[in-house]
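Here's the structure, in structure tokens; my notes come after.
The values are calculated or read from the model by the stated rules, or taken from the named source; none is laboratory data. Note that this is a predicted model, so its numbers are computed, not measured. FYI the Cβ positions are ideal-geometry reconstructions off the backbone, even for glycines, and counts take in every protein chain you see. Surface accessibility is based on the protein's heavy atoms, side chains included, excluding ligands, DNA and RNA. Shrake-Rupley method; radii C 1.70, N 1.55, O 1.52, S 1.80 Å.
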Amino acid sequence: MAKCHRNDIGSIALDRPSTATSSTGNNFRLWTAFTGATFRRKIFDAVSCGASSRHRHQLMQEMLNDTGSQSQPPPPTTTMKSVLKEFNDPKKADKVVKKPNSNGKSEKLADLLNLVETETAAETKRKVEALEELKRVVKELQVEDKERNVQAACRVRSLTKEDSEARMTLAMLGTILPLVAMLDFQDSDSQIAALYALLNLGIGNDANKAAIVKAGAVHKMLKLLESPNEPNQAVSDAVVANFLGLSALDSNKPIIGSSGAIPFLVKSLKILDTNSRSQARHDALRALYNLSISPSNISFISEADLIPFLLNALGDMEVSERILSILSNVVSTPEGRKGISIAPEAFPILVDVLNWTDSPGCQEKASYILMVMAHKAYGDRQAMIEAGIVSSLLELTLLGSTLAQKRASRILEVLRVDKGKRVSENFGGNMNAAVSAPICGSSSSSSTNLNGKECLVEEAGMMSEEKKAVKQLVQQSLQNNMRRIVNRANLPQDFVPSEHFKSLTASTTSKSLPF
């Protein structure tokens with residue numbers, strides 16, 4: 001065997017293949033499909049990566065020697081290549097090969113498919129059973145048996161409490177008409193069961209709300225309360241709750257308002273104890289708020305004497321903001337503004353709300369009502385000034401929320417312009433005449449007119465009166481603010497401002513006003 005050199009595999013003993021038909025000794029026969037050069041190239045390709053060339057050469061030589069020393073025939077070329085690859089490549093962990101199923105799907109995929117099919121079948125079965133139950137409920141409502149009707153109505157109430165699909169399905173199956181017909185029953189149990197079933201059917205479903213009103217439920221509900229005896233409180237509360245839900249739909253607002261529901265809601269609100277925290281009280285207020293959104297209902301609200309009641313109820317912080325929201329809708333129409341204007345103590349009450357610094361929402365709504373009233377009527381502005389609105393507005397521009405400050409500034413601007421007009425009228429002229437007065441005595445006159453001096457005197461008199469009025473207004477505002485600050489600071493009632501503060505208020509001019 002030739003001597004082996006580094007990176008030289010051409011001198012391997014395989015260079016001298018034997019041409020004999022059988023292998024003897026250290027010689028063996030190669031397959032005729034490979035030449036010597038080809039076989040060397042195959043070996044080179046097999047050992048070209050991995051360990052170093054010298055190490056590969058030694059392993060190759062030992063392998064060939066071991067193979068040549070055996071008496072058995074050598075393995076074919078493909079087996080030798082696999083042996084070489086086994087020596088060259090690092091051993092890897094045996095991989096477990098999963099045989100596919102006969103249908104070509106893995107066991108896991110088959111399990112998932114079976115699970116999906118099982119769930120789908122269970123879901124379909126559940127929906128079919130639920131639909132059958134709804135059909136049975138509707139059928140029970142249609143039979144002429146009061147007890148079965150009441151049980152079915154209670155079942156409708158339970159099924160539709162939190163299930164929007166059940167509400168829609170039951171309405172499609174014809175549940176609304178039988179429930180509305182049950183309102184004609186004389187016993188309160190049947191009435192309450194039908195009322196709450198209708199209430200739950202309308203939750204979050206505008207189509208059902210419209211269908212309930214179209215079926216005549218509003219008039220039947222009001223008829224329940226027209227009995228000569230005192231109506232059942234539970235029935236009354238259920239009717240109020242239904243009016244709240246049905247009035248949320250805009251198309252229902254005019255129908256409910258013109259049906260006579262507003263006087264009933266106002267009456268219910270007055271009957272309820274003002275100290276009560278019952279749900280019916282809040283439901284009635286919210287229903288009236290929904291109805292007040294429609295301008296066509298403002299006249300009904302005014303006729304029901306709701307406005308004085310709401311004004312007198314201001315002060316209860318639990319319902320005050322809701323009341324002011326209703327009045328904010330009422331003030332948008334002439335009928336509503338008239339109702340607020342003629343209500344006793346309306347403006348002192350609304351002005352007092354401006355001082356609720358701990359309730360920005362109430363301040364903003366009260367300032368909106370007063371702003372609209374101040375823009376629309378001169379008499380209302382006079383009543384506001386008499387109620388002490390100026391000092392409250394000045395404080396609101398400093399301590400109120402951003403929206404309340406803007407509205408307070410607009411009201412002050414309206415009052416300032418109105419005051420200027422009144423001063424001008426008191427002097428028998430207009431502001432233009434007052435502005436042009438200095439020209440009477442100017443040097444540009446062609447002759448010395450004695451009337452020029454009279455014009456100057458008239459202007460000085462007018463300006464002094466205006467400054468005097470403004471000065472008095474500012475002093476009154478500062479004194480009121482000081483009194484309010486003393487009350488909030490819990491100072492002694494006999495607290496007297498210092499002389500320095502009195503001097504400040506005495507020397508204050510109109511420059512301190514925010515306009």
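Side notes on the structure shown:
- Which numbered condition Lys146 fails, given (1) open to solvent by 80 Å² or more (accessible area, probe 1.4 Å); (2) modelled with pLDDT of 90 or more; (3) within 19 Å of Asn242 (Cβ to Cβ): (3)
- Ala166 surrounded by 17 or more Cβ atoms within 10 Å (Cβ to Cβ), modelled with pLDDT under 95 and hydrophobic (A, V, I, L, M, F, W, C): yes
- Looking at Leu269, Leu288, Leu265, just one residue is under 23 Å from the mean Cα position of the chain (by Cα) and either open to solvent by less than 70 Å² (accessible area, probe 1.4 Å) or charged (D, E, K, R) (or both), and that residue is Leu288.
- Every condition in (1) closer than 26 Å to Leu134 by Cα; (2) part of a loop (DSSP other than H, G, I, E, B) is met by Pro231 except one, and the failing one is (1).
Matching residues to (1) outside any helix (DSSP H, G or I); (2) over 29 Å from Pro334 (Cα atoms); (3) hydrophobic (A, V, I, L, M, F, W, C):
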position	(1), (2), (3)
Ala207	no, yes, yes
Lys223	no, yes, no
Asn242	no, yes, no
Ile301	no, no, yes
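- Selection count, segment 177-205, where residues are in a helix (DSSP H, G or I), in contact (Cβ under 8 Å) with a residue 12 or more places away in the chain and either more than 22 Å from Ser251 (Cα to Cα) or open to solvent by 10 Å² or more (accessible area, probe 1.4 Å) (or both): 15
- Which numbered condition Ser251 misses (of (1) within 16 Å of Ser296 (Cβ to Cβ); (2) in contact with a Pro (Cβ under 6 Å, 6 or more places away or on another chain)): (2)
- Selection of first residues in segment 290-309 that are farther than 15 Å from Ser259 by Cα and of second residues that are assigned to a helix (DSSP H, G or I) and open to solvent by 10 Å² or more (accessible area, probe 1.4 Å), restricted to Cβ pairs under 6 Å at least 6 apart or on distinct chains, gives the following pairs, ordered by first then second residue: Ile293/Asn329; Ser302/Glu335; Ser302/Gly339; Ile307/Gly339.
- Residues of segment 322-342 that are open to solvent by less than 10 Å² (accessible area, probe 1.4 Å) and not β-branched (Val, Ile, Thr): Leu324, Leu327, Gly336.
- Taken over segment 353-370, the criterion of being open to solvent by 20 Å² or more (accessible area, probe 1.4 Å) and in contact (Cβ under 8 Å) with a residue 40 or more places away in the chain is satisfied by Asn355, Thr357, Pro360, Glu364, Lys365, Tyr368.
- Qualifying residue in segment 165-172 (condition: over 13 Å from Tyr196 (Cα atoms), outside any helix (DSSP H, G or I) and out of contact with any Pro (no Cβ under 6 Å at 6 or more places or on another chain)): no
- Verdict on Asn355 being at pLDDT below 95 and part of a helix (DSSP H, G or I): no
- Only a single criterion out of (1) at pLDDT 95 or above; (2) surrounded by fewer than 22 Cβ atoms within 10 Å (Cβ to Cβ) is not satisfied by Asn208, namely (2).
- Subset of segment 372-391 (residues that are in contact with an Asp or Glu (Cβ under 8 Å, 6 or more places away or on another chain) and buried (at least 19 other Cβ atoms within 10 Å of the Cβ)): Met373, Ala374, Arg381
- Of everything in segment 311-321 that is open to solvent by 10 Å² or more (accessible area, probe 1.4 Å) and not in a helix (DSSP H, G or I), the residue that is modelled with the highest pLDDT is Leu314.
- The residues of segment 195-249 that are polar (S, T, N, Q) and within 27 Å of the chain's Cα centre (by Cα), listed by number, are Asn200, Asn205, Asn208, Asn242, Ser247.
- Residues located in segment 218-251, provided they are open to solvent by 40 Å² or more (accessible area, probe 1.4 Å) and modelled with pLDDT of 90 or more: His219, Lys220, Lys223, Ala234, Asp237, Ala248, Asp250, Ser251
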